[in-house]
């Protein structure tokens, strides 16, 4: 789905984290959102997903104004988000972490759970089968009964991505999916994201600091600095952009590779 | 004769411990399942007890009443009224994080106790409500006591079955997820408020029901019986000792702590005379020390929480 951010501003105390920011994530793209620390990327993510109310401006999902909707309502419109620090359910098993995600579970109604158990079991069978596929796909099957809190940082990131696969949402905000994941796994994850976008039409908006990953995966790339959009374009173009290099203090944006 | 006395004490002990077990199961729904820090247990317990007392007693010039309803009407009303009050409290407070919810519920518990103490037309104030009919009166004294114990054990079994099913269901799964990472649950499309409210109401309803059973057991209730020390504090110790998040742990903790509490009463009989006046305080001290020891050496409780068995078995 198309995500449109229109003139959004948000201040925390005296700090204006996001300033009159407008951007569009086109459906079917893997849009990268990059920028130095403090550029407002995470705040913007929180605003798009509904975890932070903007002071002004609007957020549209396929043209529909979702600015006043709480996060859980946005999920049902097809928008899912992950977190920079994986928010896994530490005292639940890896499998349970996945089973929480799918909607329309009759067993979430207490009366149904008490008096119509067979209905609960029927839906649960579908979900467990789906979770099995996701666990296999991410190489977590072996760990399915482990407590999620005992996983390594990279495994937690994978599990977080597993929840993306469990959700029916096809528009996904990924907050640093690569952080803490080793190269091999990262390559697999990137392949998976590309496959979902290009073959199944999913839409991704990705905040990421790993420029290799951004280069490989994202098109277009939106650069944020000081709370607003600096520029936007193909990675190869923006990494030569003078403004962008300055924003990163002449640093990490593969500048050494630029002519 | 000694033996008969001992047996009847044992029946009395088990019945009261069983009532505590019901309340502890209620607290486990709130704290163990979804991490809500309720320190207003006394209030919901008292609401249940007073509702049953007012509905089920014959007419009295001292308080509202004269409805002389059967036990089950009083118990049902007690459960529903505790649930309704919890709902109102919850709508306001359920967004509060653990420690703030604790502060709010302390206040609510005290408000309820003060209302019961001061609204004399309703509750006869500090003098309390007497003559609450006992169940199974027709069975004679010892038969009645035994039958009531049987009834309490049956009630524990029923409530245990309900809350255990709730814990194992997708509903319980969402509750545990909220306890661990609320924001991620919201991102998964669940209305966190709704789930928190439901577990708060369910837990309080169970406390209200336990209150009705309690009223019909002791036959006389007054605000003094709902001193937070003997209710809220003791129930929390029971859950922590037994193992929060584990329904069997909640029941075990209730019986165990009540046993220690009761035995301490006997022990204080052997205190030197000069100390006799401090017996009550020493008992509380003993339970406080017990709580400290458990928190230090076995913070997960005697029966720690475990992920519940899956709803459906995986093949291979």
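The values are calculated or read from the model by the stated rules, or taken from the named source; none is laboratory data. Computed from a prediction, not measured in an experiment: that's the story for all the values here. No Cβ is skipped: glycine too gets one built from the backbone with ideal geometry, and neighbour counts run over all protein chains shown.
Within the range A:67-78, is even one residue touching a strand residue (DSSP E or B) at 6+ places or on another chain (Cβ under 9 Å) and away from every other protein chain (no Cβ under 13 Å)? The answer is yes, given that some residue of the range A:67-78 is touching a strand residue (DSSP E or B) at 6+ places or on another chain (Cβ under 9 Å) and away from every other protein chain (no Cβ under 13 Å).
Scan the range A:53-66 and give yes if some residue there is buried (at least 18 other Cβ atoms within 10 Å of the Cβ), in a loop (DSSP other than H, G, I, E, B) and either in contact with a strand residue (DSSP E or B) (Cβ under 8 Å, 6 or more places away or on another chain) or within 8 Å of another protein chain (Cβ to nearest Cβ) (or both), otherwise no. Yes, because at least one residue in the range A:53-66 is buried (at least 18 other Cβ atoms within 10 Å of the Cβ), in a loop (DSSP other than H, G, I, E, B) and either in contact with a strand residue (DSSP E or B) (Cβ under 8 Å, 6 or more places away or on another chain) or within 8 Å of another protein chain (Cβ to nearest Cβ) (or both).
Number of residues in the range A:104-124 that are over 20 Å from residue B:164 (Cα atoms) and surrounded by 15 or more Cβ atoms within 10 Å (Cβ to Cβ) equals 0. When each of B:159, B:126 is tested for being assigned to a helix (DSSP H, G or I), touching a helix residue (DSSP H, G or I) at 6+ places or on another chain (Cβ under 8 Å) and within 13 Å of chain A (Cβ to nearest Cβ), the lone residue that passes is B:159. Per the conditions (1) assigned by TED's automatic domain parsing to the domain that holds residue A:214; (2) farther than 30 Å from residue A:76 by Cβ, the sole criterion not satisfied by residue A:146 is (1).
Residue B:177 - would you say it is crowded, with 23+ Cβ neighbours inside 10 Å and either in contact with a strand residue (DSSP E or B) (Cβ under 9 Å, 6 or more places away or on another chain) or within 8 Å of another protein chain (Cβ to nearest Cβ) (or both)? So residue B:177 fits the description; yes.
Selection within the range A:179-190: residues that are under 16 Å from the mean Cα position of the chain (by Cα) and in a helix (DSSP H, G or I). The member of this set that is nearest to residue A:2 (Cα to Cα) is A:190. Here residue A:81 does not qualify as at pLDDT below 95, facing chain B (nearest Cβ under 8 Å) and either surrounded by fewer than 23 Cβ atoms within 10 Å (Cβ to Cβ) or closer than 15 Å to residue A:25 by Cβ (or both).
Filtering the range A:172-182 for residues that are touching a helix residue (DSSP H, G or I) at 6+ places or on another chain (Cβ under 7 Å), in the same structural domain as residue A:75 (by TED's automatic domain parsing), farther than 26 Å from residue A:38 by Cβ and surrounded by 15 or more Cβ atoms within 10 Å (Cβ to Cβ) leaves an empty set. All of (1) over 27 Å from residue A:167 (Cβ atoms); (2) touching a helix residue (DSSP H, G or I) at 6+ places or on another chain (Cβ under 7 Å); (3) crowded, with 20+ Cβ neighbours inside 10 Å hold for residue A:239 with one exception: (2).
Of the candidates A:72, A:104, A:76, the single residue that is farther than 28 Å from residue A:186 by Cα and in contact with a helix residue (DSSP H, G or I) (Cβ under 6 Å, 6 or more places away or on another chain) is A:72. Within the range A:146-163, the residues that satisfy the criterion of being assigned to a helix (DSSP H, G or I) and within 10 Å of chain B (Cβ to nearest Cβ) are A:148, A:149, A:160, A:163. Within the range A:97-116, the residues that satisfy the criterion of being in a helix (DSSP H, G or I) and either more than 7 Å from chain B (Cβ to nearest Cβ) or in contact (Cβ under 8 Å) with a residue 24 or more places away in the chain (or both) are A:97, A:98, A:99, A:106, A:111, A:112, A:115. With respect to the stated conditions, residue A:89 fails to be touching a strand residue (DSSP E or B) at 6+ places or on another chain (Cβ under 7 Å), within 9 Å of chain B (Cβ to nearest Cβ) and in a loop (DSSP other than H, G, I, E, B). Of the helices (runs of 4 or more DSSP H) entirely within the range B:177-292, those holding at least 3 residues that are more than 30 Å from residue A:105 (Cβ to Cβ) and free of Cβ contacts under 8 Å to residues at least 24 places away in the same chain occupy B:247-268. One residue stands out in the range A:117-144 among those that are more than 20 Å from residue A:167 (Cα to Cα) and in contact with a helix residue (DSSP H, G or I) (Cβ under 7 Å, 6 or more places away or on another chain): the one that is nearest to the other protein chains (Cβ to nearest Cβ), namely A:119. Considering (1) modelled with pLDDT under 90; (2) at positive phi; (3) within 13 Å of the chain's Cα centre (by Cα), the lone condition that residue A:176 does not fulfil carries the number (1). If only residues of the range B:286-308 that are over 21 Å from the mean Cα position of the chain (by Cα) and within 11 Å of chain A (Cβ to nearest Cβ) are counted, the one that is farthest from residue A:125 (Cα to Cα) is B:306.
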